[in-house]
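Reading through the structure tokens given below for one structure.
The values are calculated or read from the model by the stated rules, or taken from the named source; none is laboratory data. If you're wondering where the values come from, they're calculated on a predicted model, not measured in any experiment. Quick reminder, even Gly has a Cβ in these numbers, built from the backbone with ideal geometry, and neighbours come from all protein chains shown. With ligands, DNA and RNA removed, areas are computed over all heavy atoms of the protein, side chains included. Shrake-Rupley method; radii C 1.70, N 1.55, O 1.52, S 1.80 Å.
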Amino acid sequence: MTWSSVAPAIAQIYLVAAICVILLVDAFAGEKRPGLTSTLTLLALAIGAALTVRYAHVTQRVLLFNGMYVADELGYVLQLAGFLLVAVALLYSRAYLHNRNILRGEYYVLALTALLGIFVLVSANSLVTVYLGVELLALSVYAMVAFDRDSGVAAESAMKYFVLGAIASGALLYGMSLIYGLTGTLDLEHIATRLHSPSNLGILLGLVFIVVAVAFKLGAVPFHMWLPDVYEGAPTSVTLFIGTAPKIAYFALALRLLAHGLGGVVAEWSQMLSALAVLTLVVGNVVAIVQTNLKRLLAYSTIANVGFIVLGFVAGTPSGYTAALYYTLVYVLVALGSFGVILLASRKGFEADKLDDYKGLHERDPLLAFVMMMLMFSTAGVPPFVGFWAKLRIFQALWETNHFWLVVIAAAMSVVGAFYYLRVIKLMYFDEPTGELPATAGSMGVRFALGVNAAAVLALGLLPNPLLDLCSRLIR
């Protein structure tokens, strides 16, 4: 085995080594220097991104490890996005973890292990590799949700997530076993050449189980039951993590498994996804209206946004997959900032997770209020923010494939969703605080990062073509 044959997988190889080193450092020096592990983790992420840029960039598709791993531009870009998202999420979370006495090395090790699962998923080219990535990511996140051992609500949320996630993993494994049994191969490329519409009953049954599992991982209705409870019950730092980096992994799961491996039966699974997308859009947007907890509101907002991502797959064309990728990247950028605002607004003994906690925020902290306003406008799809272009691309992909009725439903639900996003802005700028609320905080570095986060949302809206062109190039 030569260096050139493993260099495209440098991100995964390096991350395994970094996890081992950080685990050892924390075991021997973590108690004496509590901040050492967090600093070392951020440094490891920066080095990992640099190594990925230096060695993992490929100009054409390359298969490694007997075809189980695929190195392409899509995997390369998503790996860089994973490094960036996890680094910023950990940067936003450090003060929050410190104030609640849960700034421990295990948290950072779990975050890196989850990132490793993400990397395995985005480069999977075999049913075995897909399942390995799903489980590596899921098991790490389960532990992160229950990380605050003094919180009964967090433990309850983790248990719900674990039980339902185990059922979804079982469904995925059963669906994969049916596909393997009927095609005789685990390789996604070989599966793609052996499946064609119309499919037999066995293939349809396998598809149903796989679609159910993918829908659960994304948080699509009616497999969304875990998402609001986990978002509300988990520590906000964990909610931030769950709502960002894993989303790119689950997009890759859908793309590699459905669009690439099962692309020959797109007519069958696109019909299933169209029903799920409509349910997801309606339930996510309508139920979000009545929420009084901001984290729970953002959970249902996530569900609604997942509906738009699923619509991109319903189109079943490269244009649709491009729109879904673009929407996913835009959404995680906005979610990163939204939960970052909650983290900066919180204090020890004050989670800042109720909508009433944001009344009059512009008087207490104009920067946080302005950032949150930009992020809410973007999520609502208001121009010139990037969220507008994300929704427009989904509409265009559906229109090109004659899914006119889905365009109408999605547009109507976008109007409904705008109500609760504008409600947050109204509370911050037009309502008076109901009582004495603690002042916001956050170091200058974290505030600067949050400002850059919000500026990126506006800049990508004013200049959408670079990211759109990149997404189009990645989906080939």
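Quick one: ranking Arg296, Arg94 by accessible area, 1.4 Å probe, largest first, what do you get? All intermediate terms of the calculation are to be shown ahead of the outcome.
Numbers: Arg296 50, Arg94 90 Å².
The ranking, largest first, comes out as Arg94, Arg296.
I'd like the Karplus ³J(HN,Hα) series for segment 55-60: coefficients 6.51, -1.76, 1.60, θ = phi - 60°, whole numbers in Hz, and an x wherever there's a Gly or Pro.
Per residue, the Karplus-derived 3J(HN,Hα) values read 10, 9, 6, 10, 8, 9 Hz.
Near the amide H of Val221, under 5 Å away, which other amide H atoms are found, from residues 5 or more places off or on another chain, if H is placed in the peptide plane?
Thr280
For Asp469 and Thr401, what is the calculated FRET efficiency with R₀ set at 22 Å and r taken between the beta-carbons, to the nearest 0.05? Write down the numbers at each step before the final one.
Values: r = 21 Å, r/R0 = 0.97.
The pair Asp469/Thr401 has a calculated efficiency of 0.55.
Please list 309-315, 146-152, 77-83, 363-369 highest first by mean number of surrounding beta-carbon atoms within 10 Å per residue.
Numbers: 309-315: 27.6, 146-152: 15.4, 77-83: 23.4, 363-369: 17.6.
With the highest mean Cβ count within 10 Å placed first, the list reads 309-315, 77-83, 363-369, 146-152.
Tell me the carbon and sulfur percent of the accessible area for the chain, rounded to whole percent, probe radius 1.4 Å. Write out the running numbers ahead of the final one.
Details: 12460 of 18030 Å².
So the carbon and sulfur contribution to the accessible surface is 69 percent.
Using the heavy atoms of the protein chains and a 1.4 angstrom probe, tell me the accessible area per residue for the chain in square angstrom. Could the numbers behind the result be given before it?
Details: 18030 Å² over 476 residues.
On a per-residue basis, 38 Å².
Enumerate the calculated ³J(HN,Hα) couplings along segment 380-388 in order (Karplus 6.51 cos²θ - 1.76 cosθ + 1.60, θ = phi - 60°), each rounded to whole Hz, writing x wherever the residue is Gly or Pro.
Result, rounded to whole Hz: 6, x, 8, x, x, 6, 5, x, 4.
Roughly how many nanometres apart are two label points built 7 Å out from the Cα toward the Cβ at Leu462 and Val25?
3.8
Taking a ≥ b ≥ c as the square roots of the Cα gyration tensor eigenvalues, with a/c under 1.5 meaning rounded and otherwise prolate when a/b beats b/c, else oblate, which class fits the chain?
Because a/c hits 1.5 or more and a/b fails to exceed b/c, the chain counts as oblate.
Once you sort the root eigenvalues of the Cα gyration tensor of segment 82-156 as a ≥ b ≥ c, which label holds: rounded (a/c under 1.5), prolate (a/b larger than b/c) or oblate (the other case)?
oblate
Taking the alpha-carbon centroid of each part, what is the distance from segment 106-166 to segment 443-476 in angstrom?
27
Identify, among Ala114, Leu218, Ser151, the residue whose Cα sits farthest towards the positive end of the charge dipole of segment 113-224, taking +1 on the Cβ of Lys and Arg and -1 on the Cβ of Asp and Glu, with the dipole about the Cα centre.
Leu218
Report the accessible area of Asp187, computed with a 1.4 Å probe over the heavy atoms of all protein chains in place, in Å² rounded to the nearest 10.
Answer for Asp187: close to 30 Å² accessible.
Taking H placed 1.01 Å from N in the peptide plane, check which residues at least 5 places from Arg347 or on another chain put their amide H under 5 Å from its amide H.
Ala352
At 1.4 Å probe size, with no ligands or nucleic acids counted, give the accessible surface of Leu355 in Å², nearest ten.
Approximately 10 Å² of Leu355 is accessible to the 1.4 Å probe.
About the Cα centre, and with charges only on the beta carbon of Lys, Arg (+1) and Asp, Glu (-1), how big is the dipole of the chain? Nearest 20 debye, please.
Numbers: 27 positive and 25 negative charges, 81 e Å.
Using Cβ point charges on Lys, Arg, Asp and Glu, the chain gives about 380 debye.
Just the accessible area for Glu106, please: 1.4 Å probe, Å², rounded to the nearest 10?
Per-residue accessible area (Glu106): approximately 90 Å².
Once Lys and Arg get +1 and Asp and Glu get -1 on their Cβ, which of Gly349, Thr317, Leu298 lies farthest toward the positive end of the dipole of segment 259-395?
Gly349
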